[in-house]
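Trainee: Just passing along the structure, written as structure tokens.
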Amino acid sequence: MLTFENIIKDIHNKIFYPIYFFFGEEPYFIDQLTDYIEENALDESVKEFNQNIVYGRDVTTKDIIDLSKRFPMMGNYQLVVVKEAQDIKEIGGLEPYLASPLNSTILVINFKYKKIDKRKTFYKKMKTSKNVILYESKRLYENKIPAWIEKSVRLLGFSISPHASRMLAEYLGADLGKINNELEKLAINLEKGSLITEDEIELHIGISKDFNVFELQNALAARDAFKAQRIVQHFEANPKEHPLQMLTVVLHNYFMKVFLYHQLKGGNQNTIASVLGINPFFVQDYQRAARSFSEQKIKSIIAEIRQLDLKSKGLGSTDAQSYGPFKELVFNILH
């Protein structure tokens, strides 16, 4: 399979294949590739005649094949884009077209949010066909999101501090489309080439640089009860920005990494960063936390966080969205 970058490069160089099948659980890369082909495959002057965009819920595989067998008017290619192709009942019905696609047609299949059955003949024929470009869009692991943000920021002509990229990753989650929208918002408001810091994140996106889960982690590691209490009070006053389930997940991941650091301490900093899935810049944070919490204490903290997570989902709690149990968790961590 070609990589995302290779497909973009080929399209830019006007190297086209009869069929593109983009599939997988991460919609961002699928949509980016589809949009890029839409924008660059045909000249604007012929799009009216030679570009057809349809949606899976509205068409059958027979409709798609019929569209694909038309010849272009006043141009070398016609473009057929099938969006939301996961809504087609029998996607395997396209199999007959795989054997003899029209070279003057560029057929793009946009199949999102789920995996395709790779055991089926349809997939196996696509994989071995010289006429088909397959691209599987896999979800990024959470620990890969900050690096993806840093790469995306560089492509936009900026740089970003490690703290700022981590803030975005934790507060926007793994929704790459949402992250990209916020990065473009920053790009509009900042001077090209500038460094994106926590101040810019707070000003233009609205994530507080002082009252966030990272500052809570730092306060817990420093055993700073006053600061931790102020942050939790801010969370309780702004529940939409700081949902309990997100907080418990982030704290759970944090203490799991602190526990893992105990097993790794004494090792090379870059090796530790790689195993923990963090920027080497943050290894010192976990070093400090490991000094504050013994392995046994961390085990009890993780167990309590898991109980709180169940409560936040309504299991064994009459008030699933109360911050009372979260305050109790923070108190217990500190004492």
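Trainee: Run the quick spin-label model on residue 253 and residue 223: label points 7 Å from Cα toward the beta carbon, then report their separation in nm to one decimal.
Mentor: If labels sit at residue 253 and residue 223, their model points lie 2.8 nm apart.
Trainee: How far is helix 162-172 tilted, in degrees, relative to the longest principal axis of the Cα atoms in the chain, given as a value from 0 to 90 rounded to the nearest 10?
Mentor: 70
Trainee: Between the helical axis of 27-40 and the dominant principal axis of the chain, each derived from Cα atoms, what acute angle in degrees is found, rounded to the nearest 10?
Mentor: 40
Trainee: Further question on the same structure: Over the chain, what is the percentage of antiparallel beta bridges among all DSSP beta bridges, to the nearest 5?
Mentor: Among the beta bridges of the chain, antiparallel pairing accounts for roughly 5 percent.
Trainee: For Cα pairs less than 8 Å apart in space and 6+ apart in sequence, what is the mean separation divided by the residue count of the range 4-137, i.e. the relative contact order in percent?
Mentor: 39
Trainee: Toward the positive end of the charge dipole of the chain, about the Cα centre and with charges on Cβ (Lys, Arg +1; Asp, Glu -1), which of 149, 293, 23 goes farthest?
Mentor: 293
Trainee: Using a simple spin-label model with points 7 Å from Cα along the Cα→Cβ vector, what separation in nm is obtained for residue 194 and residue 70?
Mentor: 4.8
Trainee: Please list the three semi-axes, largest first and in whole Å, of the ellipsoid equivalent to the range 213-334, using sqrt of 5 times the eigenvalues of its alpha carbon gyration tensor.
Mentor: 26, 15, 13
Trainee: Using the Cα centre of the range 4-137 as the reference point, and only Cβ charges (+1 on K/R, -1 on D/E), how large is the resulting charge dipole? Debye, rounded to the nearest 20.
Mentor: Around 740 debye, computed over the range 4-137.
Trainee: Where in the range 240-335 are there trypsin sites (Lys or Arg not before Pro) that are in a DSSP coil and have at most 13 other Cβ atoms within 10 angstrom of their Cβ?
Mentor: When the trypsin sites (Lys or Arg not before Pro) of the range 240-335 are filtered for loop state and at most 13 Cβ neighbours within 10 Å, 240, 265, 313 remain.
Trainee: Hey, which aspartates and glutamates would be in cross-link range of residue 124, C-alpha to C-alpha under 15 Å, not counting anything within fewer than 8 residues on its own chain?
Mentor: Those aspartates and glutamates meeting the cut-off are 95, 136.
Trainee: By count of other Cβ within 10 Å, fewest leading, how are 1, 246 ordered?
Mentor: The order, fewest Cβ neighbours first, is 1, 246.
Trainee: While we're here: Just how many pairs of Lys in the range 213-334 have C-alpha atoms closer than 29 Å, counting pairs that are eight or more places apart or on different chains?
Mentor: Step by step, the pairs that qualify in the range 213-334 add up to 28.
Trainee: Measure out, as a whole number of angstrom, how far apart the alpha-carbon centroids of the range 1-80 and the range 220-287 sit.
Mentor: Centre-to-centre distance over Cα atoms comes out at 44 Å.
Trainee: Place a +1 charge on the Cβ of each Lys and Arg in the chain and a -1 charge on the Cβ of each Asp and Glu, then give the dipole magnitude about the Cα centre in debye, rounded to the nearest 20.
Mentor: Details: 43 positive and 42 negative charges, 278 e Å.
So the magnitude is around 1340 debye.
Trainee: Something else: When only C-alpha pairs under 8 Å and at least 6 residues apart count, what is the relative contact order of the range 213-334, in percent?
Mentor: Worked out over the range 213-334, it gives 33 percent.
Trainee: In whole percent, what relative contact order does the chain give with Cα contacts below 8 Å and a gap of six or more residues?
Mentor: 14 percent.
Trainee: Just add up the charged neighbours of residue 148: K/R +1, D/E -1, any other residue whose Cβ is under 14 Å from the Cβ of residue 148.
Mentor: With Lys, Arg at +1 and Asp, Glu at -1, the neighbours total 0.
Trainee: One quarter of the convex hull surface, Cα atoms only: what value does that give for the range 142-204 in nm²?
Mentor: 3.5
Trainee: Separate question: Could you list the chymotrypsin sites (Phe, Trp or Tyr not before Pro) in the range 17-115 that lie in coil according to DSSP, counting only those with at most 16 other Cβ atoms within 10 Å of their Cβ?
Mentor: Those satisfying the criteria are 113.
Trainee: Taking the Cβ of each residue in 89, 144 as the centre, tally the other Cβ atoms inside 10 Å and list the residues starting with the fewest.
Mentor: Ranked by crowding around the Cβ, least crowded first: 89, 144.
Trainee: Another one. For the pair residue 241 and residue 43, what calculated FRET efficiency results from E = 1/(1 + (r/R0)^6), where r is the Cβ-Cβ distance and R0 = 56 Å, to the nearest 0.05?
Mentor: Using R0 = 56 Å, I get an efficiency of 0.75.
Trainee: Another question about this same structure. Place +1 on the Cβ of every Lys and Arg and -1 on the Cβ of every Asp and Glu in the chain, take the dipole about the Cα centre, and give the residue among 177, 232, 140 whose Cα lies farthest towards its positive end.
Mentor: Of 177, 232, 140, it is 140.
Trainee: What is the distance, in nm, between label points placed 7 Å from the Cα along the Cα-to-Cβ direction at residue 4 and at residue 269?
Mentor: The answer from the label model is 3.0 nm.
Trainee: Out of the range 135-186, which chymotrypsin sites (Phe, Trp or Tyr not before Pro) are coil in DSSP terms and have no more than 11 other C-beta atoms within 10 Å?
Mentor: Within the range 135-186, the qualifying chymotrypsin sites (Phe, Trp or Tyr not before Pro) (loop, at most 11 other Cβ atoms within 10 Å) are 141.
Trainee: Please rank 165, 45, fewest neighbouring Cβ atoms within 10 Å first, as an exposure proxy.
Mentor: In order of increasing Cβ crowding within 10 Å: 45, 165.
Trainee: Quick check on the chain: take the gyration tensor over C-alpha atoms, sort the square-rooted eigenvalues as a ≥ b ≥ c, and tell me if it's rounded (a/c under 1.5), prolate or oblate.
Mentor: Prolate, since a/c reaches 1.5 and a/b exceeds b/c.
FYI, it's all coordinate maths here, none of it is from the lab. Computed from a predicted structure; not experimentally measured. Please note: Cβ atoms are built from the backbone with ideal geometry, for glycine as well, and neighbour counts cover all protein chains shown.
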